[in-house]
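Reading through the C-alpha cells given below for one structure.
The values are calculated or read from the model by the stated rules, or taken from the named source; none is laboratory data. It should be emphasised that the depicted structure is a prediction, and the values quoted were computed from it without experimental measurement. Reconstructed Cβ throughout: ideal geometry from the backbone, glycine too, with neighbour counts over all protein chains shown. Ligands, DNA and RNA are excluded from the accessible area calculation, which covers all protein heavy atoms including side chains. Shrake-Rupley method; radii C 1.70, N 1.55, O 1.52, S 1.80 Å.
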Amino acid sequence: MTTTWITLTTDFGEDSPYVAAMKGVILSVNPDVRLLDLSHQIPPQDIRHAAFFLAAAIPYFPSSVLHVVVVDPAVGSERAVLYVEVEGHRLLAPDNGCWTTLPSASSPRVICLAEPRFWRQRVSATFHGRDIFAPAAGHLSRGLDPRELGPQTDSWVRLPSFPAQQTGDRITGEVLFVDRFGNLLTNIPAECVGKPRAVLVGDKEVTRWVRTYADAAPGTLVALTGSSGHVEIALCQGNAARRLGAAVGTPVCVLLT
Amino acid sequence: MTTTWITLTTDFGEDSPYVAAMKGVILSVNPDVRLLDLSHQIPPQDIRHAAFFLAAAIPYFPSSVLHVVVVDPAVGSERAVLYVEVEGHRLLAPDNGCWTTLPSASSPRVICLAEPRFWRQRVSATFHGRDIFAPAAGHLSRGLDPRELGPQTDSWVRLPSFPAQQTGDRITGEVLFVDRFGNLLTNIPAECVGKPRAVLVGDKEVTRWVRTYADAAPGTLVALTGSSGHVEIALCQGNAARRLGAAVGTPVCVLLT
Amino acid sequence: MTTTWITLTTDFGEDSPYVAAMKGVILSVNPDVRLLDLSHQIPPQDIRHAAFFLAAAIPYFPSSVLHVVVVDPAVGSERAVLYVEVEGHRLLAPDNGCWTTLPSASSPRVICLAEPRFWRQRVSATFHGRDIFAPAAGHLSRGLDPRELGPQTDSWVRLPSFPAQQTGDRITGEVLFVDRFGNLLTNIPAECVGKPRAVLVGDKEVTRWVRTYADAAPGTLVALTGSSGHVEIALCQGNAARRLGAAVGTPVCVLLT
C-alpha cells in the first residue's frame with residue numbers, strides 16, 4: 001500500500017533544524033509524499049503529553065496516513081523503534097508507550113525496526129528521527145511491506161493509566177491536559193457524572209455546570225462536557241489553569257447529585 | 001468547483017491536539033486536498049488580531065483557495081458558522097466579524113451553515129472546528145455547491161472600525177498590530193502624511209522619517225511607509241514596541257508639515 | 001526544470017500575517033507547487049542562527065527543492081537578493097551570508113535578482129519576502145531558467161567563520177547553537193577529540209563522555225558526539241544551557257588525553 005500522507009509529531013520545537021532535516025530525508029526517499037505537521041511543540045521529552053496528544057488526534061485521521069512520532073528521551077539506548085498498526089492507524093514511534101493510549105478494541109500489530117538497509121547509512125546515537133524514523137517512513141510511504149522492517153513482536157512498553165475511580169457519590173480523577181486557553185481536560189468520563197453538585201479542582205470548588213463556554217458570564221468558573229467526552233473545567237473568557245493554580249496531575253473530584 | 005488548497009487559521013496553538021484533529025477530519029472527507037497552515041498563534045479568543053491577520057494575508061491568495069478560520073470564543077452558542085465569498089476569496093468563519101475587515105468593493109455572499117449532513121455525526125458543544133468547520137471544508141473542497149450548506153443571509157456581525165481622523169495638521173489613529181520585530185503597524189494611510197514633521201506614539205515623539213529600516217543607524221526610532229501602505233514605527237535593529245512601551249490600541253498622531 | 005517543492009525559512013514568527021502573505025503570492029504564481037515550512041522561528045534578524053539552521057538542514061534535501069530564506073534585516077537597502085546553487089541545492093536568500101556556511105566542495109553559482117518582471121508589480125521597501133522572493137520562487141518552480149532572473153555574480157557577502165583551534169592538548173571553540181532541550185552544539189569536530197579528559201564550558205568542567213543521552217543517570221552533565229559530528233554538551237533529562245548558564249558564543253575547551 002502506498003501512502004499519500006506522512007504526519008510529523010515531535011518535541012523538537014521550531015527554531016532547531018531537526019524537523020527540517022527529517023523532512024529533507026523523507027523527501028529524499030519519496031519526493032511524491034505529502035507532509036503534514038501535527039505538532040513540534042510537545043514539551044521536551046514529555047511522553048505523557050505526547051500520549052494525550054496522539055490519543056486525541058490520530059483517531060480522526062483516515063487509515064492510509066502514516067504518523068511519525070519522535071518524542072524520544074531514550075534515543076540511542078536499547079529502546080526499540082516500532083512500526084505499529086492499531087485500529088487501522090499506522091505509526092512509527094519509539095518504544096516508550098507514547099502510542100499505547102490510542103483507543104484499541106483489537107490487538108495492535110507491532111514490528112521492531114531491525115533492518116538497517118531502510119535507515120540512513122550512518123546512524124548517529126542521538127538523532128534517530130533523521131537517521132531511522134525518516135528514511136523508514138519514506139520507504140513505507142512508497143509501499144514497502146512493513147514485514148521487511150523487522151520481526152513482529154508482542155512485547156512493548158505500555159504507559160500506565162490511572163482511570164477515574166468512583167466511591168459512593170464521588171468520582172476522583174485528575175487533570176490530564178491543559179490547553180492554550182487554560183481549559184483543564186480531565187480523565188473523568190462525562191457520561192458518568194450527569195449534572196453534578198460540584199467539581200473540586202485541588203481544594204477549589206466549581207459549582208456551575210454548563211453546556212458550552214459562552215453559557216456563563218465572563219469570569220465565571222464552569223465545568224462542562226469537553227469535546228472528547230470528559231469533564232472539563234474552564235473560565236469563561238479567561239484562563240482556568242491560572243485562576244485555579246492547576247496543572248497536569250492536579251486531582252479533580254466530582255460530587256454527584 | 002473543486003478546491004486544491006484549504007488553509008487553516010486558528011487560536012489553538014501547537015501543543016494541543018485540536019489542529020491535528022481538524023486536519024484528520026478534513027483528510028477523512030477529502031484525502032486529495034492540500035493543507036496549508038496560515039497561523040495557529042492568533043492570541044486566544046482575540047477576534048481583532050484575527051481580523052487584522054486575515055485582512056493582511058487573504059488578499060494575496062488566488063481565489064480557488066478555501067480559508068478555514070477558527071477563532072471562536074462563542075463556540076456552541078447561537079452564533080452562526082458562515083460560508084463567505086468576498087472579492088473572490090472563500091472562507092468558513094464564525095459569525096463574529098473576524099472576516100469583515102477584508103477589503104470588499106462589492107457585497108459579499110454569505111451563507112449560514114445549517115445542514116448537519118455535512119457535519120460530523122456527533123457535534124460537540126465546544127469544538128465546532130473539528131465537528132462543523134472541518135467536515136464542511138472537506139465537502140466544499142470536493143466541489144459541494146455552497147448553497148447546499150444552508151440559506152443565504154444578509155445579516156452578520158460587523159467588526160467596528162475606527163479609521164484615522166484628520167483635524168488641521170494632525171492625523172490621529174492607533175496601533176493596530178505589533179509584529180514579532182516590535183514594529184508598530186498603524187491605521188494611518190501613509191499616502192495622507194507625506195513626510196511629516198513628527199509622529200507621536202502615546203506621548204513619545206519620533207522625528208525621523210525613512211524609506212526602510214536600514215536607512216538609519218541601529219537604535220534609531222524611525223517612522224516609514226509599511227508594507228501595507230500605512231504608517232509604521234520601527235526601531236532600527238531593535239524592538240520599537242518595547243522601547244516605546246506601545247501596544248495594540250496605543251494612540252498615534254502624525255504632525256503634518 | 002520544474003520544482004515540486006518550495007520550502008520557507010524566515011524570522012517572521014507565526015502570529016504575524018507575513019508568512020501567510022508569502023504563501024498566497026507563491027500560490028498565485030504556481031498553484032501546483034507544494035509548500036513546506038522549515039522554520040519561522042529564526043530569532044528576529046539573527047543571520048548567524050539562520051546560517052546554522054540552513055547548514056544543518058538543507059544538505060538532507062533532494063536537489064530539486066527550492067529553498068526560500070527570508071532573514072533580512074537590510075531589506076530595502078542596496079543589499080542584493082540572490083539565487084544560489086550550491087552542491088546541487090537551490091536557494092533564494094538575501095545577500096547577507098546566511099547561506100555561505102552550507103558545505104560546498106565546488107564553486108557555487110550565484111545570480112543577482114535584477115528583473116522586476118518576476119516581482120510583484122509594486123515592490124514595498126520593507127517586505128521583499130512578499131514582493132520579490134515569493135513571486136520569483138513561484139516562477140522558478142514553474143521552470144523559469146534562473147538566468148532570466150538577473151546577471152551572474154562572483155561577489156557576495158561571506159559570513160566569517162571561527163573554526164576550533166588546537167594548541168597542545170587543548171582544542172578551543174565555542175557554542176554555535178542551543179537547541180530546545182538545552183543541548184549545547186559546538187564547532188569542535190568530535191573526530192579530533194577521541195575520548196577527552198574533560199570539556200570546559202566557560203569555567204565549568206564536564207568530565208563524563210558518553211555515547212548518547214541515556215547513557216548516564218538523570219541530572220548528569222555529559223559530553224558526546226552530536227548528530228552533526230561535533231562535540232555536544234547535554235544534561236541527562238535536563239537542560240544543560242540553563243544548568244551551565246551557557247549560550248551561543250560561550251567558549252568551549254576540550255582537554256585531550
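Based on protein heavy atoms only, the range A:37-126 ends up with 36 Å² per residue of surface accessible to a 1.4 Å probe. How far is the Cα center of the range C:13-72 from the Cα center of the range C:123-176, in Å? The distance from the Cα centre of the range C:13-72 to that of the range C:123-176 comes to 12 Å.
Translational diffusion of the range B:124-257 was estimated from the Stokes-Einstein equation, with Rh taken as the Kirkwood radius over Cα pairs; at 20 °C and 1.002 mPa s the coefficient is 123 µm²/s. Mind giving me the FRET efficiency for C:Thr220 and A:Ser161? R0 is 35 Å, r the Cβ-Cβ distance, nearest 0.05 is fine. Computed FRET efficiency for C:Thr220 and A:Ser161: 0.70. Of the residues C:Phe12, C:Leu91, B:Gln121, the one whose Cα sits farthest toward the positive end of the charge dipole of the protein assembly as shown, with +1 on the Cβ of Lys and Arg and -1 on the Cβ of Asp and Glu, is C:Phe12. For the range A:62-111, the alpha-carbon coordinates run over 31, 19, 17 Å along the three principal axes, in decreasing order.
Taking every alpha-carbon pair within the range C:145-223, the share separated by more than 21 Å comes to 45 percent. If only the Cβ of Lys and Arg carry +1 and only the Cβ of Asp and Glu carry -1, the dipole of the range A:141-195 around its Cα centre is close to 120 debye.
Residues of the range A:223-243 whose accessible area, computed with a 1.4 Å probe over protein heavy atoms, drops by at least 40 Å² once all protein chains are present relative to their chain alone are A:Ser227. Taken about its Cα centre, the protein assembly as shown carries a charge dipole of roughly 180 debye when the Cβ of each Lys and Arg holds +1 and the Cβ of each Asp and Glu holds -1.
Other residues whose C-beta falls under 15 angstrom from the C-beta of B:Thr250 contribute a net charge of -1, scoring Lys and Arg +1 and Asp and Glu -1. If only the Cβ of Lys and Arg carry +1 and only the Cβ of Asp and Glu carry -1, the dipole of chain B around its Cα centre is close to 240 debye. With all pairs of different C-alpha atoms in the average, the Kirkwood value for the hydrodynamic radius of chain B is 19.8 Å. Length, then width, then depth: along the principal axes, the Cα atoms of the range A:1-75 run 31, 29, 20 Å. Dipole orientation for the range B:151-257: of the candidates B:Leu185, B:Val252, B:Val210, B:Val210 has the Cα lying most toward the positive pole (charges on Cβ; Lys, Arg +1; Asp, Glu -1). At a Förster distance of 35 Å, what's the computed FRET efficiency of B:Glu148 paired with A:Arg147, Cβ-Cβ distance as r, to 0.05? FRET efficiency, B:Glu148 to A:Arg147: 0.20.
Taking 18 Å as the cut-off, the amide N atoms of the range B:103-124 that come nearer than this to a point 7 Å along the Cα-to-beta-carbon line of A:Glu87 belong to B:120-124. Loop sites here are GluC sites (Glu not before Pro) outside DSSP states H, G, I, E and B with no more than 14 other Cβ atoms within 10 Å. The longest part of chain A free of them is A:88-257. Of the trypsin sites (Lys or Arg not before Pro) found in the range A:86-133, those that fall in a DSSP loop while having at most 15 other beta-carbon atoms within 10 Å are A:Arg122.
Straight-line cross-link partners of C:Lys195 among the lysines, defined as a Cα under 23 Å from its Cα and at least 8 positions apart when in the same chain: C:Lys204. Ordering B:Ala50, B:Pro62, C:Leu102 by Cα displacement along the dipole of the protein assembly as shown toward the positive end leaves B:Ala50 in first place; charges were set at the Cβ atoms of Lys, Arg (+1) and Asp, Glu (-1).
Using the alpha carbons alone, the radius of gyration of the range B:18-134 stands to its Kirkwood radius in an Rg to Rh ratio of 0.93. Summing charges over all other residues whose Cβ lies under 10 Å from the Cβ of C:Pro43, with Lys and Arg as +1 and Asp and Glu as -1, gives -1. Binning the C-alpha pair distances of the range B:128-178 at 10 Å intervals from 0 yields a P(r) profile of 17, 26, 20, 20, 13, 4 %, listed from the shortest bin outward. Chain B against chain A buries an accessible area of about 2800 Å², both chains summed, 1.4 Å probe radius. Inter-chain neighbour count for A:18-31: the average number of beta-carbon atoms from partner chains within 10 Å of each residue's beta-carbon is 6.
Averaged over peptide B:109-116, the number of partner chain Cβ atoms lying within 10 Å of each residue's Cβ comes to 0. Is the shape of the protein assembly as shown rounded, prolate or oblate, going by the alpha carbon gyration tensor and its root eigenvalues a ≥ b ≥ c, with a/c under 1.5 for rounded and a/b larger than b/c for prolate? Rounded shape, in that the Cα axes give a/c under 1.5. Out of the total accessible area of chain C (probe 1.4 Å, heavy atoms of protein only), what percent is carbon and sulfur? Carbon-and-sulfur percentage of accessible area, whole number: 49.
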